[in-house]
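Every read-out reported here was derived from the displayed coordinates using simple, explicitly stated rules and does not represent laboratory data. Values in this document were obtained by computation on a predicted structure and should not be read as measured data.
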Amino acid sequence: MMKALPPLLVAGFGAAIALLVFTVHPGASLIPLIPLGVGMWAMSRAKAMVKADDPVGSLSFFELAQLLPYAIAAAASALLIGLAVWFAPPEKPTPAPNAPPPPPPTPFERYFPEILKALAGAASVFITAAFIKSSEEPDSWVADLVKREFQKAYESRFPNNPNANSAVRAPAYMGLGWEKEGRQKRAAAIDAAIKDGT
């Protein structure tokens, strides 16, 4: 149940943005720029801290950078919902009491709104899943990011320190992978090697 919560929250955030755009002000479409900006700032700050030899401090910023895919998915979801509402055909007015009956709807008029709703729903789910790398394991996006940045910065830095070298390169370090606890232990080992100068 908890695994389905992030995509549900993203879709709900996208629907709320679309509702605000149509009912309050079109400027509400800029709301996803807030978490997107925070995520981009956190990403650049985390990378700068890795380059400045502060792997422990960078971890909290890498966690915050997780806002990036969520903000993009919410914006895409809002866009798809907005397009579905925008392109939906208007309802036909109620005929006057003495007016002749309206002609029967064409197949296009009958099925297009339903197909558009289904397409928007399916596309929203697809976009959400595409931008949130793994909805079943949200930590994996951060794990892949930290692994890539740590290996890029420290891969050849500790040839004489097997512990730090293992923390950077090994798939499993102290029995842990790149999940949150493993990242913390790896960052601590790398930090200790930097301070020791080995």
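So which residue, out of 18, 130, 187, gets the largest mean-square fluctuation from a GNM of the chain using Cα contacts under 10 Å as springs?
Comparing 18, 130, 187 in a Gaussian network model of the chain, the most mobile one is 130.
Let me have the relative contact order for the chain, percent, based on Cα pairs under 8 Å that are six or more residues apart.
25 percent
In whole Å, how far is the Cα centre of region 157-196 from that of region 72-86?
42 Å
Quick check on the chain: helices-only [θ] at 222 nm, where DSSP H runs of length 4 and up contribute -39,500 (n - 2.57) each and the sum goes over total residues. Nearest 500, please.
Helix contribution divided over all residues of the chain: -23000 deg cm²/dmol.
Find how much the distance from residue 169 to residue 156 grows on full extension, using 0.36 nm per residue of separation minus their present alpha carbon separation; answer in nm with one decimal.
Additional length available on full extension: 3.7 nm.
Once the mean 1/r over all distinct Cα pairs of the chain is inverted, what Kirkwood radius in angstroms do you read off?
About 20.0 Å, per the Kirkwood formula over Cα pairs.
Please report, ordered by residue number, every helix of the chain (full DSSP H runs) that is 20 Å or longer along its axis going by C-alpha atoms and whose mean Kyte-Doolittle hydropathy reaches 1.0.
Span-like helices, by this rule, are 5-23, 67-87.
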